[in-house]
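What follows is calculated from the coordinates using simple rules that are stated; it is not laboratory data. Fair warning: this is a prediction, and the values are worked out from it, not measured in the lab. No Cβ is skipped: glycine too gets one built from the backbone with ideal geometry, and neighbour counts run over all protein chains shown.
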Amino acid sequence: MAGVVQFKVRSMIGKVVTVNDMRMHLRDGHFDIIHYAGHAFFDGNDGDGSAWVLSDGLLHAREMKNTLARAERKPWLIFAN
């Protein structure tokens with residue numbers, strides 16, 4: 001398997017993930033890719049008001065941007081569907 005990229009996957013399927021948990025994952029620098037597959041809220045008048053629906057509330061796009069602005073090492077891909 002020489003030359004194959006090694007990676008670890010941390011699945012949170014079926015687990016409670018709070019807004020603070022997700023903000024911690026965004027800023028902690030341990031993830032290169034974050035894939036969010038869950039419910040979301042779209043605000044057509046204010047894109048930054050759009051949000052992911054987490055176990056204890058909404059994580060708005062503006063909060064994600066602010067969290068990532070303070071991160072020392074940012075994920076290079078955040079994918080949501």
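List of remarks:
- Rough spin-label spacing in nm, given labels placed 7 Å along Cα→Cβ, for Arg10 and Ile34: 1.1
- Cut-off under 5 Å, modelled amide H: who pairs with Tyr36 long-range: Phe79, Ala80, Asn81
- Count Lys and Arg as plus one, Asp and Glu as minus one, and take only other residues whose Cβ is under 15 Å from that of Asn20; the net charge is then 0.
- The chain: antiparallel DSSP beta bridges as a percent of all, rounded to 5: 60
- Candidates Arg27, Arg70, Arg62, ranked by Gaussian network fluctuation over the chain, Cα under 10 Å, top entry: Arg70
- When the Cα positions of Ala69, Gly38, Val9 are compared along the charge dipole of the chain, Val9 comes out farthest toward the positive end, with charges on each C-beta of Lys, Arg, Asp and Glu.
- Under a Gaussian network description of the chain, with springs only between Cα atoms under 10 Å, the residue in Gly14, Gly38, Gly47 that fluctuates furthest is Gly14.
- Taking the helices alone, the chain has a mean residue ellipticity at 222 nm of -6500 deg cm²/dmol, built from -39,500 (n - 2.57) per DSSP H run of at least 4 residues and averaged over all its residues.
- 14 Å beta-carbon shell around Leu54, net charge (K/R +1, D/E -1): -1
- In this structure, the amide hydrogen of Ser50, modeled 1.01 Å from its nitrogen in the peptide plane, lies closer than 5 angstrom to those of Asp43, Ala61, counting only residues at least 5 positions away or on a different chain.
- Phi-based couplings in Hz for region 43-56 (Karplus 6.51, -1.76, 1.60; Gly and Pro marked x): 10, x, 8, 8, x, 5, x, 5, 8, 8, 8, 10, 5, 10
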